[in-house]
Amino acid sequence: MRAVDDHPVCQNVPRLFIPGPVEVEEEILQAMTRPMIGHRTREFSVLGEELHRNSQRFFRTENPVYLLTSSGTGGMESAVRNGVRENVICFINGAFSERFYKVCVSNGKNTTRVEIPWGEAVKPEKVREELSRGSFDAVTIVHNETSTGVMSPLADIAEVISEFDDVFLLVDAITSAAAVPIHLGDMAPIDYLTTGSQKALALPPGLALLAVSERAHERAATIENRGLYFDVLEMHKSWQKNQTPNTPTIALLQALKDRLSMILDDEGRWYGGHMERAELTREWARDRFEIFAESGFESVSLTCIENTHGISVADLNEKLREHDMFLSNGYGHLKEKTFRIGHMGAVTLDDTKELLGLIDDFIASS
């Protein structure tokens, strides 16, 4: 077990195979201990310039990528406050697309919900059908639903939405960006796309990246009550000076600097590692259980597994803790009916093999 410090609550912390936060390697954690710099100094502007440049390279876009000191939900709220004029349609196929719906409602938007059965992906043809039913100016999609282990076909959805004039696409890519390549410059326009640091970017929690389209600022200028903290027009003014509107989490930005360089230096290794762990887990799960996600739309970030053996997932986790490991129970009404194995963070293929072997041992002894 990893002893974090002398406090009894922090003793014996297991390795994480959950949807986030994820394992972070020591060299990235050490980046956060660099000397503090002022957020209005030339030193920060140098850091900001590199982060902005590499964030654009990461998303393959020439448009701005803003750095928010918030969880990914802050990026979702920014997208809604700045990107929705009045009428938004939310495609809901799990717990986090439900959250996107709640963000829209809580910000006073006229919100239509479209229910998709949990375990199924949002399909382009369904998006086209629903958009044709009414007058909407925005659509929300969760690219990767960690409650169900489903990854919807984002590029195809964006292509469909581009058929409708002046309809913005708002995307929660919180658990997909950095698990799979998202090359915005090669896709139909995505107006807002947000991710979070504690997922596939494999950093501690506290940062969101928000990629915006060229036309996003024009619409934002027409919307009143954009708020203060999540106003993209204020973000853009600061971005042009390689700054942030408010005091950011500078230590995390230092870690992001190293992480982006690590990914960009060897994208094949980074994304290939996620896919290797995902494919190994899927093969194991199909042999012993069943995968909850519909075939062809399985997440690369994690695998959601149907508990066909009826094991106690809580007891399984207690056993795994004895071996320095921890996975995730099912989410919400899927608790104990499913369990989830994450493929993100500083875990290796061998780590995943070890975890799966321990689950086999638990099943054999149950």
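Here are the numbers for the structure shown:
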| read-out | value |
| --- | --- |
| Residues that are under 20 Å from the mean Cα position of the chain (by Cα) and either polar (S, T, N, Q) or in the same structural domain as residue 203 (by TED's automatic domain parsing) (or both), drawn from segment 285-301 | 299, 301 |
| Enumeration of residues in segment 285-310 that are basic (Lys, Arg) and either crowded, with 20+ Cβ neighbours inside 10 Å or touching a residue at least 24 places away in the same chain (Cβ under 8 Å) (or both) | 288 |
| Subset of segment 346-359 [loosely packed, with under 13 Cβ neighbours inside 10 Å and of a type in the set (D, E, K, R)] | 350 |
| Single unsatisfied condition, residue 317 versus (1) surrounded by 20 or more Cβ atoms within 10 Å (Cβ to Cβ); (2) under 15 Å from residue 17 (Cα atoms) | (1) |
| Any pair with Cβ under 7 angstrom, 6 or more apart, that starts in segment 334-358 at a residue that is in contact (Cβ under 8 Å) with a residue 40 or more places away in the chain and closer than 22 Å to residue 322 by Cβ and ends at one that is among the β-branched types (Val, Ile, Thr) and surrounded by fewer than 22 Cβ atoms within 10 Å (Cβ to Cβ) | 342/18; 345/24; 346/24 |
| Check on residue 45, out of contact with any Leu (no Cβ under 9 Å at 6 or more places or on another chain) and either in contact (Cβ under 8 Å) with a residue 60 or more places away in the chain or farther than 17 Å from residue 265 by Cα (or both) | yes |
| Filtered residue count, segment 271-284, keeping only those that are over 20 Å from the mean Cα position of the chain (by Cα), more than 14 Å from residue 339 (Cβ to Cβ) and touching a residue at least 60 places away in the same chain (Cβ under 8 Å) | 1 |
| Number of the exception - residue 158 against (1) of a type in the set (Gly, Ala, Ser); (2) in contact with a strand residue (DSSP E or B) (Cβ under 9 Å, 6 or more places away or on another chain); (3) assigned to a loop (DSSP other than H, G, I, E, B) | (3) |
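Matching residues to (1) of a type in the set (A, V, I, L, M, F, W, C); (2) farther than 18 Å from residue 59 by Cβ; (3) not assigned by TED's automatic domain parsing to the domain that holds residue 345:
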| site | (1), (2), (3) |
| --- | --- |
| 94 | no, yes, yes |
| 97 | no, yes, yes |
| 131 | yes, yes, yes |
| 195 | no, no, yes |
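The values are calculated or read from the model by the stated rules, or taken from the named source; none is laboratory data. The structure presented is a predicted model; accordingly, all values stated were derived computationally and were not measured. Using ideal geometry, Cβ is built from the backbone for each residue, glycine included, and neighbour counts are taken over all protein chains shown.
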